[in-house]
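Okay, so here's the structure we're looking at.
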Amino acid sequence: MGNDVGREVARLRPRAKPIEDAVLAFQSARLHECLGALHGNATVAAALLRARTLLRLNRPDAALESLPALESEDGAPHATIAETRILRAAALARTSRYAQAHDALAAAWVHVVSAANVALEAEFEYYDALLAWMEGRFPAAEAAARAIDALPIPEQTWLAPPPGYAVSLAVTKARALEMRAFEAARTGRPLEQARLVRRGLAALREAAAPDRFVEASLLRNLAISARETGCAGDAETVGKRVEAFEWTPDLGEQRYHIERALGWCRALAGDHVGALRRFREASKLAVTPAWQLFAVIDRAYLAEELDQHISAEEEVTHALELAASIDWNATGGEESSALLLLAQLVAKRDSNAATRLLERFREARKHASALAFAPLDPRLRGSESYARAQIALGRGDRFGAIAFFADAFEAWNDAGSKWRAALAASDLARLGAGEAFARFADREIRKRPSSWLALRRGIAGP
Amino acid sequence: MRDKPFVSPPPSVNAYVVELLERLNAHDPATHDHCRSVGAWSGLLAKALRLEPGDVKVAVLAGTLHDIGKAATPLEILLKSGPLTEREWERMRAHAGDGAAMLTEIPALRFVAPIVRWHHELVDGRGYPDGLAGERIPLLSRIVAVSDAFHAMITTRPYREASTVVEALGELRSGRGTQFDAAVVDAMLELVAAKTQRATSAPLRDVRAS
């Protein structure tokens with residue numbers, strides 16, 4: 001009788017799905033589905049994949065809980081010990097426990113070498129680079145990321161990773177190239193940023209299995225660099241891929257950023273209707289109110305520049321309501337620059353309100369995550385100065401405005417964002433700050449003759 | 001200390017290596033995994049000793065193939081959990097010569113055969129199969145010997161638990177200059193200390209200073 005009950009219980013217990021289903025879901029960026037497929041699977045391989053998935057879902061504490069407590073004395077294979085410790089380091093770094101993350105990586109190294117798995121070695125280097133990046137040791141991060149790029153697809157093919165390893169060498173190479181692209185962006189080299197992202201996408205095409213999560217991230221970065229450089233070719237590449245891409249609910253944030261960046265590419269090309277449509281789409285895709293705010297501000301800005309004042313007014317009101325509803329200290333740091341953009345829009349209407357938005361931005365920035373790129377973005381100084389210039393203008397302080405516009409011009413020009421620099425230059429020209437600014441603005445804006453910038457500058461459109 | 005540099009392995013060796021490893025894996029997966037690991041460690045040590053890139057590749061190759069002769073060793077000896085008899089020891093020791101003989105038969109891999117043959121020689125001359133001593137043992141064999149011992153110690157085997165990294169390094173140090181080449185041991189101590197500094201810095205300092 002007891003045995004019958006035991007058998008019945010065993011029969012009714014939900015069976016774990018094969019791990020292959022979970023791996024496929026992971027590679028397709030169906031991350032919640034992956035977690036579901038791993039449910040009830042108590043193997044070490046499942047625990048490791050669960051941790052990877054939770055890291056991608058930005059849940060490092062849950063990832064730490066998921067990792068098995070393996071030590072070499074347990075007789076686990078070196079590859080398993082190494083992977084466990086690398087992922088533990090990644091999760092610890094995400095929770096700002098850098099010293100512990102270093103310890104975990106250091107403890108992984110002997111097992112990484114012993115595993116003789118080049119994909120694992122690449123991941124070790126990648127997380128070493130990421131840790132350096134998060135600690136602000138940018139040259140070290142760059143060097144470690146370069147080392148991955150130098151890893152050959154092994155001519156000694158017996159060092160190839162065993163089949164079933166979740167992240168291939170090609171994928172880690174792509175991620176390392178993306179990290180170097182961030183460094184290029186941080187140091188004001190948008191053309192190099194775009195080149196590295198393109199190489200990252202090419203590296204992904206070499207991978208035996210897709211990694212849609214990493215691909216979406218690279219597409220997002222290519223779209224953003226296309227927005228800054230005005231590279232129509234890159235925008236077209238992203239646009240085409242976006243149409244064919246199998247989007248999943250777990251890629252909502254990436255898709256949102258792509259839509260927004262492509263919207264700006266459309267605006268710079270003079271397709272303002274297309275831009276507004278992209279911004280509306282981005283607004284729908286936004287995964288948080290803070291990200292939605294950006295898209296609302298984009299629409300308000302463009303409407304205002306195109307003299308659609310009623311529409312602009314309505315969007316600004318909506319933006320202010322949204323901004324007031326957000327706990328900015330909890331946003332992680334990437335989103336807070338929306339406050340600068342909103343301050344720029346509001347300054348003409350109410351300079352005191354704009355000043356309060358600027359103060360809120362400064363406060364929010366203190367709470368930024370070390371993984372957030374926005375606080376390191378050299379364009380940020382330009383945005384802040386531009387907002388301060390608009391506030392000065394709103395107060396009738398022409399000289400103050402010139403000083404801040406000039407600083408914005410310099411910051412954006414140094415960051416390689418020529419159209420933004422042209423925007424500041426055209427304001428400076430309007431305020432009579434010098435012919436050189438007028439010439440710069442005209443030269444750059446003529447490259448975008450149908451854009452709102454040309455309308456604003458009074459340069460003939462098509 | 002440097003031997004004459006070896007030539008880089010020609011590309012055609014890959015197919016042979018893959019096939020040999022597949023055979024070894026079919027015979028004894030644990031020895032196969034050990035060989036891959038020793039290949040990786042040998043390459044790192046060769047790099048740490050600033051050998052030419054071609055020699056580093058040969059170190060990887062020799063480390064990877066160092067126990068290939070065990071494909072001919074009976075499993076009841078390889079996997080025996082109790083102590084081996086003198087006859088069994090003799091058979092076990094034959095793997096170095098067996099491996100070299102197998103590699104000599106493959107023209108593309110013949111140049112690795114001497115390194116494999118002498119990876120169990122000890123610098124004090126008490127090793128096997130030929131009792132070579134000091135620098136008469138090729139440098140790459142001395143590198144493989146240290147890599148082999150280190151990896152064997154830090155890996156759990158059916159008949160014993162793995163040592164910790166600190167214990168394994170301590171063992172290497174106690175055999176420095178007698179069992180193992182002193183410069184190669186020093187390179188291993190430096191290498192591991194540099195890479196694992198944060199996790200085990202104090203114990204590793206102890207090992208290096210003792």
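The values are calculated or read from the model by the stated rules, or taken from the named source; none is laboratory data. Because the structure is predicted, anything quoted here is derived from the model rather than measured. Every residue, glycine among them, receives a Cβ derived from its backbone with ideal geometry; neighbour counts consider all protein chains shown. For accessibility, only protein heavy atoms count, side chains too; no ligands or nucleic acids. Shrake-Rupley method; radii C 1.70, N 1.55, O 1.52, S 1.80 Å.
Given the condition within 14 Å of chain A (Cβ to nearest Cβ) and on the phi < 0 side of the Ramachandran plot, answer yes or no: does some residue in region B:127-138 qualify?
The answer is no; no qualifying residue exists.
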Sort out which residues of region A:381-400 are within 30 Å of residue A:191 (Cα to Cα) and open to solvent by less than 20 Å² (accessible area, probe 1.4 Å), and write them in order of number.
A:382, A:383, A:385, A:386, A:387, A:389, A:390
Checked A:181, A:244, A:185 against criteria (aliphatic (A, V, I, L, M) and over 14 Å from the mean Cα position of the chain (by Cα)); the one match is A:244
Residue check: is residue A:93 of a type in the set (Gly, Ala, Ser), open to solvent by 10 Å² or more (accessible area, probe 1.4 Å) and in contact with a Phe, Trp or Tyr (Cβ under 9 Å, 6 or more places away or on another chain)?
no
So which of B:54, B:39 is assigned to a helix (DSSP H, G or I), within 18 Å of residue A:121 (Cβ to Cβ), open to solvent by less than 30 Å² (accessible area, probe 1.4 Å) and within 14 Å of chain A (Cβ to nearest Cβ)?
B:39
Subset of region B:30-59 (residues that are of a type in the set (A, V, I, L, M) and farther than 21 Å from residue B:195 by Cα):
B:30, B:58
Identify, by number, the condition in (1) in contact with a Phe, Trp or Tyr (Cβ under 8 Å, 6 or more places away or on another chain); (2) facing chain A (nearest Cβ under 9 Å) that residue B:81 doesn't meet.
(2)
Members of region B:180-190 that are in contact with a helix residue (DSSP H, G or I) (Cβ under 8 Å, 6 or more places away or on another chain) and over 13 Å from residue B:168 (Cβ atoms):
B:181, B:184, B:187, B:190
Any residue at all in region A:74-84 that is within 18 Å of residue A:112 (Cα to Cα), open to solvent by less than 60 Å² (accessible area, probe 1.4 Å) and in a loop (DSSP other than H, G, I, E, B)?
yes
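Across region B:150-167, what is the number of residues that are surrounded by fewer than 19 Cβ atoms within 10 Å (Cβ to Cβ), closer than 18 Å to residue B:35 by Cβ and either in contact (Cβ under 8 Å) with a residue 60 or more places away in the chain or small (Gly, Ala, Ser) (or both)?
First, the residues of region B:150-167 that are surrounded by fewer than 19 Cβ atoms within 10 Å (Cβ to Cβ): B:152, B:156-161, B:164, B:166-167.
Filter once more, keeping what is closer than 18 Å to residue B:35 by Cβ: B:152, B:156-158.
Restricting the remaining residues to those that are either in contact (Cβ under 8 Å) with a residue 60 or more places away in the chain or small (Gly, Ala, Ser) (or both) gives B:152, B:157-158.
Residues flagged as surrounded by fewer than 19 Cβ atoms within 10 Å (Cβ to Cβ), closer than 18 Å to residue B:35 by Cβ and either in contact (Cβ under 8 Å) with a residue 60 or more places away in the chain or small (Gly, Ala, Ser) (or both) within region B:150-167 amount to 3.
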Looking only at residues in region A:137-189 that are buried (at least 18 other Cβ atoms within 10 Å of the Cβ) and among the β-branched types (Val, Ile, Thr), which one is modelled with the lowest pLDDT?
A:167
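A quick yes/no check of all residues on (1) open to solvent by 10 Å² or more (accessible area, probe 1.4 Å); (2) more than 16 Å from residue B:60 (Cα to Cα); (3) in contact (Cβ under 8 Å) with a residue 24 or more places away in the chain:
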site	(1), (2), (3)
B:96	no, yes, yes
B:105	yes, yes, no
B:122	yes, yes, yes
B:141	no, no, yes
B:169	no, yes, yes
Any pair with Cβ under 8 angstrom, 6 or more apart, that starts in region B:107-120 at a residue that is aliphatic (A, V, I, L, M) and ends at one that is surrounded by fewer than 18 Cβ atoms within 10 Å (Cβ to Cβ)
B:108/B:10; B:108/B:12; B:108/B:16; B:109/B:16; B:113/B:101; B:113/B:104
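Give the residues of region B:42-51 that are touching a residue at least 12 places away in the same chain (Cβ under 8 Å) and within 12 Å of chain A (Cβ to nearest Cβ), sorted by residue number.
B:42, B:43, B:44, B:45, B:48
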For region A:89-106, give me each residue that is closer than 17 Å to residue A:167 by Cα and away from every other protein chain (no Cβ under 12 Å).
A:90, A:91
When you go through B:127, B:134 one by one, which is the residue that is surrounded by 21 or more Cβ atoms within 10 Å (Cβ to Cβ) and modelled with pLDDT of 95 or more?
B:127
Qualifying positions in region A:259-279 - free of Cβ contacts under 8 Å to residues at least 40 places away in the same chain and in contact with a helix residue (DSSP H, G or I) (Cβ under 7 Å, 6 or more places away or on another chain)
A:259, A:260, A:262, A:263, A:264, A:266, A:274, A:275, A:276, A:278, A:279
Single residue of region A:107-124 satisfying the filter (open to solvent by less than 10 Å² (accessible area, probe 1.4 Å) and within 8 Å of another protein chain (Cβ to nearest Cβ)) that is farthest from the chain's Cα centre (by Cα):
A:114
Hey, can you tell me all the residues within region B:12-29 that are among the aliphatic types (A, V, I, L, M) and more than 10 Å from every other protein chain (Cβ to nearest Cβ)?
B:24, B:26
Taking region A:48-67 and keeping residues open to solvent by 10 Å² or more (accessible area, probe 1.4 Å), assigned to a helix (DSSP H, G or I) and among the polar types (S, T, N, Q) leaves A:66
